[in-house]
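Enquirer: Submitted below is the structure of interest, expressed as structure tokens.
Quick note: the coordinates plus some simple rules give every number you see, no bench work behind them. Just so you know, these numbers come straight off a predicted model, no measurement behind them. Because the Cβ atoms are built from the backbone with ideal geometry, glycine has one as well, and the counts that use them run over all protein chains shown.
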């Protein structure tokens, strides 16, 4: 992956989905490559949403030690975008310009703040653009 990329929560969730092995393999590859090349970022929102999914046991069942290990080895190294007033303001601008839901607007705003060129997600239209940021659904 040569372009700087942002991973949406659904990519992290699919990495542990035992029902869809193809999506799981794609997601695991994106995460491993992102940790290795240090050109992939996450926001604190993505980390929080993923942990919430795991703790609720929805589609992902991880033991606490496995969750802690994944947090420390994968998520923390990629978590480069934290909450800030600037992120909220950019989220509001994205929301107004593209009529996205609030949390999707924050995902786009975080990817833009991270100067990413690719947003990996299945929650947006594949090929959709937000300035220089292009959405790629890695599961197509």
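Enquirer: Neighbour counts of other C-beta atoms within 10 Å: give me 82, 43, 105 arranged from fewest to most. Kindly include the intermediate steps, with their values, before the conclusion.
Expert: On the way: 82 12, 43 26, 105 22.
Ascending number of Cβ neighbours within 10 Å: 82, 105, 43.
Enquirer: Compute the distribution of all C-alpha to C-alpha distances in the chain, in bins of 5 Å from 0, and list the percent of pairs in each, rounded to whole numbers.
Expert: Final binned percentages: 2, 11, 21, 25, 21, 13, 7, 1, 0.
Enquirer: So what is the relative contact order of the chain, in percent, for Cα pairs below 8 Å that sit 6 or more residues apart?
Expert: On the way: 207 pairs, mean separation 40.4, N = 140.
Dividing the mean separation by the residue count of the chain yields 29 percent.
Enquirer: Going by how many other Cβ atoms sit within 10 Å of their own, how do 121, 44, 84 line up, fewest first? Write out the running numbers ahead of the final one.
Expert: On the way: 121 25, 44 17, 84 12.
Listing 121, 44, 84 from fewest to most nearby Cβ atoms yields 84, 44, 121.
Enquirer: Need one number: nm distance between label points at residue 132 and residue 68, each 7 Å from Cα along Cα→Cβ, rounded to one decimal.
Expert: 4.0
Enquirer: What length, rounded to one decimal in nm, is gained on full extension from residue 39 through to residue 97, with 0.36 nm per residue of separation minus their alpha-carbon distance?
Expert: Full extension of this stretch gives 18.2 nm more.
Enquirer: Restricting to bridges with both residues inside the chain, how much of the DSSP beta-bridge set is antiparallel, in percent to the nearest 5? All intermediate terms of the calculation are to be shown ahead of the outcome.
Expert: Values: 2 of 12 bridges.
Here the share of antiparallel DSSP bridges comes out near 15 percent.
Enquirer: Right, something else. Can you pull the percent of Cα pairs in segment 49-110 with separation above 20 Å? Could the numbers behind the result be given before it?
Expert: Values: 847 of 1891 pairs.
The proportion of pairs with Cα distances above 20 Å equals 45 percent.
Enquirer: Rounded, prolate or oblate: which fits segment 3-60, taking a ≥ b ≥ c as square roots of the Cα gyration tensor eigenvalues, rounded meaning a/c under 1.5, else prolate when a/b beats b/c? Don't skip to the answer; put the middle values down first.
Expert: On the way: a/c = 2.77, a/b = 1.27, b/c = 2.18.
Oblate, because a/c is 1.5 or more while a/b does not exceed b/c.
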